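First comes the structure, then the notes that go with it.
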Amino acid sequence: MSEHVHEDHTKHYVTIWVILLVLLAISVMGPELNIKIVTLITAFGVAVVKAWLVAKNFMHVNVQPRYVLYLLGTCLAFMLLFFTGVAPDVMKHDGNNWIKPEVQIPLSRGAAHEAEEAALHSGEHH
Amino acid sequence: MQPIATTRSSAGILTGRLGVWWVLASEIVIFGGLLASYIMLRISHAAWAVEASYTSTPIGTFNTFVLLTSSLSAVLAHNAMELGDGKKAARLLHYTIAGGGLFLCVKAYEWAGEISEGFTISSSGFWSFYYTATGIHAMHVIAGMILMAIVARDAAKGLNVHRVELVGIYWHFVDLVWIFLFPLVYIAK
């Protein structure tokens, strides 16, 4: 428990909550414009901002000892390392001197199937 | 009788708080790995956008609102505890638990609708990720609700009051995960 006299921070927390709700509204309405860059900024950019607001103001991560931030940052770094290490293999299906036939053949079948399903569902909705 | 860990500190902060941060650090790898895998596959499967169009943005938005509001009540519980009002802290934790319960009810309704439409966990790669990610998140919500019930019971009696902050930190992380999950499965269509 803190040793200093604690002030009532209710107003601050409610203010942050209101800001979070406004950002939520922006993140939902932005993609309605159907502009890709706006969707990226409003949906994912706003998510990062909301996450920072929650981490700083609700979790008080900024007043934790430095090694807590190092701990969280290390795990985040490992997660990014996983992504960068695996992504080239997962996301690319061919290169200058190689292909992944075991992926490309099912993918081409899958893409055709998905296109058929999409056409079927869009037909049902109309 | 206090657990030994409550009465000593090896790192300059409450042992319980260090423990919670350790848990959250490991959860970063769990959820981060899952979401990173989803992003990788989503980018390389443009057709997943068609699958994702069947998720309900209004339901996802409402659930996001519920979790953000429950995060507010969780931090207000910590605030009340710091001001010495254990009963108010317990009441606010109960509101947080109610928020979690509402989230789960809406999620159950949503899943029931999607499953009845034929979108099951084995329908496609997208739906496999959808149910896995939201399912693991829901399990964390349930765990958080149970923990908060235990902490609230003690806080109302003025016992283990430091745990109000600790369970709040855990709950805010559950909210954080949803903040990233929401745009990935409900907005990016």
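FYI, it's all coordinate maths here, none of it is from the lab. Treat the numbers as computed from the prediction; the structure is a model and nothing was measured. Note that we place each Cβ from the backbone using ideal geometry, even for glycine, and neighbour counts take in every protein chain shown.
Inter-chain Cβ neighbour count for A:15-28, averaged per residue, equals 4 (cutoff 10 Å, partner chain atoms only). The trypsin sites (Lys or Arg not before Pro) of the stretch B:86-150 include none that meets both criteria, a DSSP state outside H, G, I, E and B (loop) and at most 15 other C-beta atoms within 10 angstrom of the site's C-beta.
Charged side chains reduced to their Cβ positions (Lys and Arg at +1, Asp and Glu at -1) give the stretch B:2-125 a dipole of some 500 debye around its Cα centre. With neighbour counts taken as other beta-carbon atoms within 10 Å, the residues B:34, B:18 rank, fewest first, as B:34, B:18.
Could you check how many percent of all C-alpha pairs in the stretch B:68-118 are farther apart than 17 Å? Could the numbers behind the result be given before it?
On the way: 589 of 1275 pairs.
Result for the distance tail: 46 percent.
All Cα-Cα separations within the stretch B:24-78 were binned at 5 Å from zero, giving a P(r) of 5, 15, 12, 14, 24, 16, 9, 4, 1, each value a whole percent of the pairs. Extending 7 Å from Cα along the Cβ direction at residue B:142 and again at residue A:91 yields two label points whose distance is 3.5 nm.
Applying D = kT/(6 pi eta Rh) to chain A, where Rh is the Kirkwood radius over alpha-carbon pairs, T corresponds to 4 °C and eta to 1.567 mPa s, the Stokes-Einstein value obtained is 66 µm²/s.
The calculated pair-distance distribution of chain B uses every alpha carbon pair, bins of 10 angstrom beginning at 0, and gives 9, 33, 31, 17, 9, 1 percent. Across bins of 20 angstrom width beginning at 0, how are the C-alpha pair distances of the protein assembly as shown distributed, in whole percent? Result, from short to long distances: 29, 54, 16, 1 percent.
Which trypsin sites (Lys or Arg not before Pro) does the stretch B:1-77 hold that lie in a coil by DSSP with at most 11 other beta carbons within 10 Å?
Sparse-neighbourhood loop trypsin sites (Lys or Arg not before Pro): B:8.
Under the combined filter of DSSP loop state and at most 14 neighbouring Cβ atoms within 10 Å, the stretch A:1-106 retains these GluC sites (Glu not before Pro): A:3, A:7. Taking a ≥ b ≥ c as the square roots of the eigenvalues of the Cα gyration tensor, the stretch B:1-103 is oblate, since a/c reaches 1.5 or more and a/b is not larger than b/c.
Applying a length cut-off of 24 Å (Cα extent along the axis) and a mean Kyte-Doolittle floor of 1.0 to the DSSP H helices of chain B leaves B:15-44, B:125-156, B:163-182. Taking Lys and Arg as +1 and Asp and Glu as -1, the other residues whose beta-carbon sits under 11 Å from that of residue B:40 total +1. Relative to one another, the C-alpha centroids of the stretch B:127-189 and the stretch A:21-98 are positioned 19 Å apart. Rounded to the nearest whole Hz, the Karplus-based 3J(HN,Hα) values (6.51 cos²θ - 1.76 cosθ + 1.60, θ = phi - 60°) of the stretch A:12-24 follow the sequence 4, 5, 5, 4, 4, 4, 4, 4, 4, 5, 4, 5, 4, with x at glycine and proline.
Shape analysis of the stretch B:62-147 based on the Cα gyration tensor places the equivalent ellipsoid semi-axes at 33, 11, 9 Å, largest first. For the peptide B:37-48, the mean number of other protein chain Cβ atoms found within 10 angstrom of a residue's Cβ is 4.
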